[in-house]
Each structure stands twice: as structure tokens, then as C-alpha cells.
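To keep things clear, I will list the structure first and then write my remarks on it.
Every read-out reported here was derived from the displayed coordinates using simple, explicitly stated rules and does not represent laboratory data. Since the structure is predicted, the reported quantities are computational estimates derived from the model, not experimental observations. Neighbour counts are summed over all protein chains in view; Cβ atoms, including those assigned to glycine, are modelled from backbone coordinates with ideal geometry.
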Amino acid sequence: MVNKILENLPHIFNYADFLVVTDKYGYIEFYKVFRSVGSKIVENPVGLHILELHQHLNEETSTVMRVLKTREPIINEKQHLNIFKERTVTVLTTTLPIMAGNEIIGAIDINRYFDLDLRAIHDQDINHSFDYNDFFFNIDDILTQNSAMIEVKNKTLKAAKTNSPVMIYGETGTGKDLLAQAIHNHSFRKHNPFIVQNCSAIPLTLGESIFFGTTKGSFTGAENKMGLFEMADGGTLVLDELNSMDISLQSKLLRAAENNTIRRIGGAGLINVDVRLISLLNEDPYTAMEQSKLRRDLFYRLGVILIHIPPLRERKEDIPMLVDSFIDEYNSKMDKNIKGVSKKVMDLFMEYDWPGNVRELKHIIESAFNFTEEDVIEEEQLPEYIRCNQNSKMAAISIDDNFCLNTAIKDFEIKYIKLALENSSTLNEAAKLLKISRQTLKYKMDVYGIEFE
């Protein structure tokens, strides 16, 4: 299996500093360090489980174990690995699932040194020829027939052709990260690094070193390390949840964005960088500025191209095609043959407001796959809160032995006629508010005994 995989991925040897291939259970079948750093390599780990090799990792932190579980690639995640006896190294890891038809049979773990001194060894020795392009979403992966979303796709393609900073905002789960990947993948930077940093996860004391890097000796324990700007040089740096970044760090980010230069902590000189910035916000940037979550000067610099992704509740016509797409995806991942959802389920989906947006819809489909034994997803396979949503709406219009439809209609009309009259100076104005003729309004007022003062 391993030889066939490596024959089909010739660029890996130019890209990787070391490589691991595991079977579907996480046991190592191939292990190769292409570029040593002078330290002695640990004993040949072939046959060991990946968590035996990296004992400080677990099923949640190991990229290999997560890919084997989710069957989805992980791109450019930073890890600390003990592949050498004398030192732990920081690497950028890309882990890909190995599929045979619909079945996952293993994972391939591709690693590059992250530390500045180790990167120098790599860069002297190789050409950066590994192409990430195949692993990113592109514009065709954004499924929609909604006019607002079609405009979003058009703006995305136009933005990809330029080098201006992009700010994408929308509720959680709308697909901001997918849009950022599409911009990168359709741009001239598509063969270069694409690095995502969640700003809410940055400790204030480490912010500068994460973005700009450090120089050995600049503080106790400091080593020569590149920051994210240097790692993303020539490519794209995505600032996820920018509105969660500390305001003081935002000012330092602004200087780097304006001047295209950075200075490592403790460094003497400026370093030129060529990085396109894409920032993602889970709220309106104007609201973020009013609440002092986003500096106005940073917004003016990073919000050159503004793209708003509407929530799923505002484009419900997309739900059927999204459902079909997720069913196809999970049929492949879970080796099932589900044909669709029942009419009742689709009605529930169209009625629900989707606070978690497309991500929530996808997770509900995945949840249903775990319980569906037939070829159609039924209401019983949905989470209880989705089913209860319909019940709660029906409860607001309860029907008992005393209910009378004519009385309910009469009470409704009286309420809104009086409300319109209270907010109008003439009968004509009230009729316009109610969108009925003056004659109809006068007739109903006479029937219900309503007077206009």
C-alpha cells in the first residue's frame, strides 16, 4: 500500500522534512525523516501506534487520529513532536486520509519544520513545489440558488483576482472559512501557504511572538522562531474571529499590514513579507467597532473588500440542495445508501431558523446517519430539539373545546384595526397601514363597533 501511495505523490519528497504513513487504526507502516537536524532519530517506529510514538498526544490532539476519525484532511496545523532524542521540534503538519473507494484505509502525515533554525536547513535543500491546491474548497463547492449568495460568489471570484485585504463577516456556521479558502484557491497565491489563526485562542502575552516570531536570547527560553507572517510569506494569512483579538495586539497587527514588514521580538532589523490578509468576523464589523472589539483604523486597512454571508434562515431555498450534498458526503464516508429525507423532515428543516446555519444542518444530517437503517431519514432520527421546535410553535396556537375560528379572526382584526387607528390621523392613513380600502375599513369598524376619535 505504502509504495503505491508514494509513487502517486512525487512532490511529497520535495516538500516534507519527515513523513509518516499509518493504517486505519493508527499503526505506523512507513516512517521516514528526509532532513535530520543533527540530533539522533528515535528508533524505527514502524509497527508502533502513532500515540506510542508521540506519547504526549492523544486522540483529540493527534492530527492522524482525528483524520482517521473524521476522514477529512487537516492542513497546516502546528504540532510539537519528539522525533529526535535530544529535542522536541515544532512542525507544520498536513494530514490526509487514504481512501479505497468509500473506506478509509490509513493516513499520510506530512511535516515541515516550523522553527526558524530548522527551516533554514529545509530551505537550503529543496524547492517549495508541494501544491496545496487540491485540498482547498473552490467556488463551485459553494452550493446556492439564492440571489444574495450568488452575488457573494461573484464578489469572491473578483476578490480572488486582486491582492487587497478581504474581510468576511457572518454568523457562526455560515461558511466564512470556506469562502476564504475559495479566494486563496482562485488567486495567484494558490500554490503558496494558506495559514489560519484563530484569534480568540491567542494569549495576550504570546500574541507578538505568534505573529512576528522571536530571536534567540530576546527573553528567557526564547529561540529563533518564525511567526505566522513569515510562514505565510507569498501566500494567505487568515485571521479567524478577528473581533476576539485583544485591542493592543490589533495596533501591532495594523503596522505590519500597512508596511508589509515585521520585526521579530528581539530582532534588530525589519523583515519584508508578502502576505494577503483575510479576516473573518462572526458579527457585523460596525457593531464590533461600536463595542470596541475592533479598531477603526484596522477595519479601514483590512476591510478593503467586505463580503457578508447571509444566514441560512435568509436563504432557505438552498436547504434541499445542501441536504442532498451532505447525504452524498455521508453516504461515502459511512458506506450507506440513503436516498434522502422524508417530506415531514424537509418541512421541519424549512420551518426551523438554523441559529447554527449550514454547519448545524450538516451536523444534523450526520447525526441522523447514525440512527437511520432505512434509505430515507425520518423525523424520529432527528435531534429532539429540532422536533420540539415544531411542537412549540404549534403550542402557541392551541386548540381546545372552547376554540372558535371566527372568534379568533374577529379578535385579530379588532386588535390590528385599533392599532392602525391609534397610529393614524385619518381613516385613509389607517387603511394604507392595513393595506385595505377605506370603504372596507369603515365597514369593519361599523361591524365591530369601533369608533375613530
Sorted by chain and then number, the residues having a modelled amide H within less than 5 Å of the amide H of residue 222, at least 5 places away or on another chain, are 217
Cα-based Lys pair tally, the range 315-395, threshold under 22 Å, eight or more apart or on separate chains
13
Which FRET efficiency value, to the nearest 0.05, is calculated for residue 141 and residue 191 with the Förster distance at 22 angstrom and r the Cβ-Cβ distance?
0.70
Give the lysines reachable from residue 435 as a straight Cα distance under 20 Å; neighbours fewer than 8 places away on the same chain don't count.
410, 415, 418, 444
Neighbour-count order for 385, 113, fewest beta carbons within 10 angstrom listed first
385, 113
Row for the range 234-360, column shape: gyration tensor on C-alpha, a ≥ b ≥ c, rounded if a/c < 1.5 i.e. under 1.5, prolate if a/b over b/c, else oblate; value prolate
Based on Cβ point charges of +1 for Lys and Arg and -1 for Asp and Glu, what charge dipole magnitude is obtained for the range 315-395 about its Cα centre, in debye rounded to the nearest 20?
220
How many percent of DSSP beta bridges within the range 135-308 run antiparallel, rounded to 5?
15
Less than 18 Å from a label point 7 Å out along the Cα-to-Cβ axis of residue 332: which backbone N atoms in the range 358-380 qualify, by residue?
362-363, 365-367, 369
Want the number for residue 378 to residue 24: 0.36 nm per residue separation, take away the alpha-carbon distance, what's left?
124.3 nm
With r as the distance between the Cβ atoms of residue 306 and residue 246 and R0 = 22 Å, compute the FRET efficiency 1/(1 + (r/R0)^6) and round to 0.05.
0.45
